[in-house]
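A quick write-up on the structure given underneath.
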Amino acid sequence: MAFDMIEAITLIAREKNLEFDAVLETLQAGLIAAAKKKYNFTDNISFRFDRKNNELIMIATRQVVEVVEDKNLEITLVEAQEMDPEAQVGDEIEIYIDYEVEFGRNAIAAAKQILIQKVREAERDRIYDEFIDKVNTLVSGVVQQIDKGNVIVNLGRGEGILSIKEQIPKEKFRQGDRVRAYIMDVQKSMRGPQIILSRVCNEFLHHLFALEVPEIYEKVIEIRAIAREPGERAKVAVYSSDDRIDPVGACVGIKGVRVQSIVRELNNERIDIVPFSSNSEMFVTRALAPAKVINIEVDDFEKKMTVTVEDDKLSLAIGRAGQNARLASKLTGWKVNIMSETEYNEAKHHEAEMLVPVGQLDGVGAKLEERLADVDIGSIQRFAATPLVQLIKIEGLGKKTAETLLEKAKIFVEEHEKEYFANLEEEKIEDAAKPKHDDSKLSVEDVFEDDDNFVTEEDDVQEATAPEYEDEDIEEEDTEENKVESDDDKEEKEG
C-alpha cells in the first residue's frame, strides 16, 4: 500500500476520533466488497497489515490440487511449487493480490463508498456509546444553529437537540451562546444519534444545585422534592441528617450567592427553598410560606388537606393564578385546598347545620347506629364519606348491605345539600330585596310631628308658679326676720 494512503487513514481516524484499526477494518470491508464484483467467491480472501512496510496485503488462500476445477479456490501443484518449492498436494498456499491492478474503477468506487459509510457508522456508534453513558447528567455546549425554534447545541463530539418544549419560556438564544442543559435520552436514528437535551425538567435544577452547593454534591444535604413551573417559580425541599448543618442556609449561601447563580442560569426563575419534614402537616405549612397557616384538616383517605389562613393572607397563600398553592401541592404530594378564616368558619357553620344523624338513614337501626357511633360515624354525611373497605369491617354490616346503605347515603347527602343551598340562596335574595336602612342618617319618617297622641317636650315641662301659704303670720315673721337681718347687715357695713 502506498504511504499516502496510510497517512490518509491516520488523518481520517484523527478527524473522526476513531481508532486506526477501526478505520483499517472498514477499508478491508470496502476492498472485500470490491473483490465481490470480480470474484464469485470471496470467503478465501483475507488481509494482513504489514506495519513495517505500511502495506495492507490482500491474500487469496487456494488449495493445491492435481486438477483445478475452480481457479478461484484451487491451484495446480506446478504453479504452487513456483511460489513455494516445498508445496505439496493438499496444502494451502497464500497468493498476493495486487488490488490496485486487479480491481477496476467501479470496484474501487464501491470500496470508497463503503469506506465512507462504514466510517460514518463507526462514528455514530462511538458518539452513541459515549453519550449513552452521560444520560441523566449535565453538559455544556455552544449554540450551533436555531431551526424553527429548536436549538442545535454543539457538544464537542456530538450534537444535542434542545426542542422548544424543553426550553425555559421567554428564553432567547443566538449562535455562539454558551448553554447548559440536562441529557434526558440518546436515541439512534438514520442521521446519527439524537441527544435529547432539556432545561425545564426537575433534574436539571437538581444538578444545578449539586454544581453550586458542595454539600449537595457530597450528599451531606439531600434534595427530597422539587416542584417547578419553568421560568416562573420553583420550590425545593432540602434535608440534612446532620443537625449542625442548616440545609436552607447552605443552599442560599452567603448573601444569596449560591442561589442567585442558579436563578441567573434559569432566566431569573424565583426559587423557594423549604426545609423538608416527615410530618405532612408541617411540610405543607412550610411549603405554603410566607403565608401563615392557622389550621389544617387532614383527609388521609383522599390524601387531601384543607388549610386555613388569615383573611388578609389568602392571596399570598394562593399566589398569582394559584401558583403558590399548585407548587406546594406538587412538592408535598398532597391535594391542598386553601381557605380564608372567614370562609372556613362559614363552611363549618353550614356543615354543622347540614349534619343529619345517621339513625335517620333508611335501613340503619338502633343497634347499627350504636356500632357506627363507636367508630366515630354519627352523621349521614360522615357515613357517605367513609370508604366501603372501612364500612365492611364494622360488626354486623355485610358487603351488600354496606353498598346499599352507602349508595343511599350519597344520594341523601347530594339532595340535602342541594336543598340546603337552594334555601340559603333564597334567603340571600330576600335579604337583598329588603330596603337597606342606614342607621347613621335620619329620614323623614324618623321625625315626630307634634299631635295629641305624642307627648312633646313642651307638654312635659310644668310652668313655674309661686308657692301658696295658708298662714299669714308666717309671712309676717319672715318679714320681721328679714328686717332684723337687714339691720345686722347695716351694722356690719358701718363697722
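The modelled label-to-label distance for the pair Ile93/Thr76, using points 7 Å beyond Cα in the direction of Cβ, is 1.1 nm.
FRET efficiency for Thr137 and Lys172, Cβ-Cβ distance as r, R0 = 30 Å, nearest 0.05? Mind dumping the intermediate values first?
Numbers: r = 25 Å, r/R0 = 0.85.
It comes out at approximately 0.75.
Roughly speaking, what is the stretch gain from Asp129 to His206, that is 0.36 nm per residue apart minus the C-alpha to C-alpha distance, in nm to one decimal? All intermediate terms of the calculation are to be shown ahead of the outcome.
Values: separation 77, 0.36 × 77 = 27.72 nm, distance 2.49 nm.
Gain on extension, Asp129 to His206, equals 25.2 nm.
With the simple spin-label model, which puts each label point 7 Å out from Cα in the Cβ direction, the Ile161 to Asp312 separation comes to 5.5 nm. If you take the Cα centroid of the stretch 208-284 and the Cα centroid of the stretch 121-165, the two points sit 28 Å apart.
When a/c is below 1.5 the answer is rounded, else prolate if a/b is larger than b/c, else oblate, so apply that to the stretch 277-351 with a ≥ b ≥ c taken from the square roots of the Cα gyration tensor eigenvalues.
oblate
At R0 = 22 Å, how high is the FRET efficiency between Gln63 and Ala29 if r is their beta carbon distance? Nearest 0.05 is fine. Efficiency at R0 = 22 Å is approximately 0.30.
Let me make sure I get this right: for the stretch 106-173, a, b and c are the square roots of the gyration tensor eigenvalues over alpha carbons, sorted descending. Under 1.5 in a/c it's rounded, otherwise prolate if a/b > b/c, else oblate. Which is it? Display every interim value, and only then the final one.
Numbers: a/c = 3.89, a/b = 2.08, b/c = 1.87.
Prolate, because a/c is 1.5 or more and a/b exceeds b/c.
Here is the list for the stretch 193-263: trypsin sites (Lys or Arg not before Pro) lying in DSSP coil, each with at most 16 other C-beta atoms within 10 angstrom of its C-beta, are Lys219, Arg244.
For Ser379, the residues 5 or more places off, or on other chains, whose built amide H falls under 5 Å of its own are Val358. Shape class for the stretch 134-200, computed from the alpha carbon gyration tensor (a ≥ b ≥ c): rounded, with a/c under 1.5. Using 19 Å as the cut-off for backbone N distance, which residues of the stretch 346-371 belong to the label zone defined by a point 7 Å from the Cα of Asn295 along Cα→Cβ? So the set is 346-356.
Read the figures in this text as sums done on the coordinates, not as results from a lab. Note that the structure is predicted; figures quoted are calculated from it, not measured. No Cβ is skipped: glycine too gets one built from the backbone with ideal geometry, and neighbour counts run over all protein chains shown.
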